[in-house]
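Chemist: Once you've had a glance at the structure underneath, I'll fire off some questions.
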Amino acid sequence: MTDATASASAASQTTGGAFYRLVWKWHFLASLYVLPFMAMLAITGGIYLYKPQIEEVIYADRLNVEIGVERKPYEAQLAALADTTEITRIRSIKIEDVPGRSTLIEFDDANKIRTLAWINPYTAEVLTTQPRDETAMRILRKFHGELLLGDFGTKFVELAAHWAIVMFITGLYLWWPRGQRTLKKALTPPGGKGRSFWRETHLFTGILAAVLVVPIIISGLPWTDVWGGGLRTVQEQTGTTSKSLRFGGDVPNSTVSEGASIPVEQVFAVARAQGLSAPYETRPPRAAGAAFWVRSASINRAEQTELIVDQYTGAVLKRHDFADNPALARVVSQGISFHQGELYGWLNLAQNTFAAVLALVLSVSGFVAWWMRRPAGSLGVPAAPEASLGTGMIVLVIGLSILLPLVGASLIVALVLDWLIFRKLGWFQSQPAA
């Protein structure tokens, strides 16, 4: 492209050419916001995929202990923890049921801060305690999802995710072979040098990323505030929410008794007898009439069975298997498993790793291609003649704004700002490019 202005003028002679330039302009403007977030999400998400392996290295001294002769009762382990720190609530006790692994206890400390404690099950020694949100992978996860800015930051990440889908749709249109660009050439790995190489790299990586990254983005939307909140509302209205026993709901109480509560060991024994897969996690009852909740903490969602166990008799009062959930709840849960690279073993992990690399390369190549194309001292917004949108495109824009509400909301805000401010200041206007 030697003369962008002439190209734009020629394109304006045909509806298709003008529309192509318009799509390119909006793809470019969306990318200004999306690409930095995409690079961040690719790096943090790609690292988080290997959470177990990373924690095994950095926390080896708290996860692994010397195998002893006999395990101490969990009540003794809890007592040892209580001797070292004030506990206001025991949230959970988790064991891997493997010799040489520590017991993980989550509790609220004196300041009601959620804290983790690793206990040597053979000696009841408290190996270390640490606020949950200060562990390395928890910090990484919070940065990935909310930029460490809480509910405020998560809106910016979700906005980027919404617009990333739009960016991929417009990018696919720009990649689609037309004119002298054949399908064979479009699918050929990038060659050449300079800006041509980076542009072809961006196009080639983009089509691969569209296949591998978009499903990851979509599977992560149920976690978000706006889109995920809307989905939860739909599920509540249609009765398709998860039937998990973890957070209350229709959970039976224990038999009223004057006897003592059964030991935690017996609760885990019940879980084994019921065929639950290790690791196990239990939540002790907080009142005389309450019961133990215990589940399989397997990464295989289909194995995550939950039990309600009478705290006095050890009887199973209720069982909930993953298959008992409504179909939509199962799909959402398995989508999260896919997002975390856990759904189908090493292949899912490798696929998501490759997708993270593609997303990072896509971001870098898009930035470099833009930097080499833009005129000095300007953004180099692609020249786009006025082009009328057909009925189909209007329906598509409205549909995307409904399915991705932050797209619609931000588009309205952008159009208002463009009309009131940006045009007067000359920002984001089409400019000739070399």
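Chemist: Short version: ³J(HN,Hα) in whole Hz for each residue of region 318-329, in order, from phi by Karplus 6.51 cos²θ - 1.76 cosθ + 1.60 (θ = phi - 60°), x for Gly and Pro, what are they?
Modeler: Once rounded to whole Hz, the list reads 7, 10, 10, 9, 4, 5, 6, 6, x, 4, 5, 5.
Chemist: Right, next: Hey, what's region 133-225 come to in accessible area per residue, 1.4 Å probe, Å²? Please report the intermediate quantities before stating the final value.
Modeler: Values: 4850 Å² over 93 residues.
Value for region 133-225: 52 Å² per residue.
Chemist: Which ³J(HN,Hα) values in Hz, rounded to whole numbers, follow from the phi angles of region 96-104 under the Karplus curve 6.51 cos²θ - 1.76 cosθ + 1.60, where θ = phi - 60° and Gly and Pro get x?
Modeler: Result, rounded to whole Hz: 8, 6, 10, x, x, 10, 6, 8, 9.
Chemist: While we're on this one: So which trypsin sites (Lys or Arg not before Pro) in region 142-182 pass both tests, a DSSP loop state and at most 14 other Cβ atoms within 10 Å of the Cβ?
Modeler: 178, 181
Chemist: Just 219, 242, 196 to compare: in a GNM of the chain, with alpha carbon springs under 10 Å, which one fluctuates most?
Modeler: Its mean-square fluctuation being the largest, the pick is 196.
Chemist: If you don't mind, another one. Taking the alpha-carbon distance from residue 112 and a cut-off under 14 Å, which aspartates and glutamates remain once sequence neighbours fewer than 8 residues away in the same chain are dropped?
Modeler: Within the straight-line cut-off, residue 112 pairs with 86, 133.
Chemist: Follow-up question, since we're still on this one. Could you work out the local net charge near residue 270, counting Lys and Arg as +1, Asp and Glu as -1, over the other residues with Cβ closer than 11 Å to its Cβ?
Modeler: Values: positive: 272, 319; negative: 265, 310.
Computed value for this residue: 0.
Chemist: For the pair residue 178 and residue 323, how long in nm is the line joining their label points, each one 7 Å along Cα→Cβ?
Modeler: With each label point 7 Å from Cα toward Cβ, the separation is 5.1 nm.
Chemist: Which residue, 371, 118, 198, has the most motion in a Gaussian network model of the chain that connects Cα atoms within less than 10 Å?
Modeler: Maximum among the listed residues: 371.
Chemist: Compute the helix-to-body angle for 150-175: its Cα long axis versus the longest principal axis of the chain, expressed 0 to 90° and rounded to tens.
Modeler: In the chain, helix 150-175 runs at an angle near 40 degrees to the longest axis.
Chemist: A further question follows. Where Rh denotes the Kirkwood radius from the mean inverse Cα pair distance, what is Rg over Rh for the chain? Before the final figure, lay out the partial values.
Modeler: On the way: Rg = 27.2 Å, Rh = 25.3 Å.
Taking Rg over the Kirkwood Rh, I get 1.08.
Chemist: I want to verify the translational diffusion coefficient of region 149-229 in µm²/s; compute it with Stokes-Einstein, Rh as the Kirkwood radius over Cα pairs, at 20 °C and 1.002 mPa s. It would help to have the intermediate numbers written out before the result.
Modeler: On the way: Rh = 14.4 Å.
Estimated via Stokes-Einstein, D reaches 149 µm²/s.
Chemist: Past the 17 angstrom mark, what percentage of all C-alpha to C-alpha distances in region 290-335 do you count? Please report the intermediate quantities before stating the final value.
Modeler: Working: 410 of 1035 pairs.
Above the 17 Å cut-off, region 290-335 has 40 percent of its Cα pairs.
Chemist: How big is region 41-109 on each of its three principal axes, counting only the C-alpha atoms and giving the largest first in Å?
Modeler: Largest first, region 41-109 extends 43, 32, 18 Å along its Cα principal axes.
Chemist: Determine the share of the chain's accessible area contributed by carbon and sulfur atoms, expressed in whole percent, with a 1.4 angstrom probe. Could you put the intermediate results ahead of the total?
Modeler: On the way: 14210 of 22480 Å².
C and S fraction of accessible area: 63 percent.
Chemist: Quick one: what are the phi-derived ³J(HN,Hα) couplings along region 357-365, Karplus 6.51/-1.76/1.60 with θ = phi - 60°, whole Hz, x for glycine and proline?
Modeler: 5, 4, 4, 5, 5, 4, 5, 5, 5
Chemist: Something else: On a 0 to 90° scale, report how tilted helix 15-48 is relative to the longest principal axis of the chain, with both axes built from alpha carbons and the result rounded to the nearest 10.
Modeler: With rounding to tens, the tilt is 30 degrees.
Chemist: When you have a sec, figure out the Kirkwood radius of region 102-147 from all distinct Cα pair distances and drop it here in Å to one decimal?
Modeler: Values: mean 1/r = 0.0866 Å⁻¹.
Kirkwood hydrodynamic radius for region 102-147: 11.6 Å.
Chemist: On to the next question. How big is region 220-361 by the Kirkwood estimate over distinct Cα pairs, in Å? Can you show the working numbers first?
Modeler: Values: mean 1/r = 0.0589 Å⁻¹.
Mean inverse Cα-Cα distance, inverted, gives 17.0 Å.
The values are calculated or read from the model by the stated rules, or taken from the named source; none is laboratory data. Keep in mind that what you see is a predicted model, and the values were worked out from it rather than measured. Backbone-built Cβ (ideal geometry, glycine too); neighbour counts: all protein chains shown. To get the accessible areas, we keep the full protein, side chains included, count just its heavy atoms, and leave off ligands, DNA and RNA. Shrake-Rupley method; radii C 1.70, N 1.55, O 1.52, S 1.80 Å.
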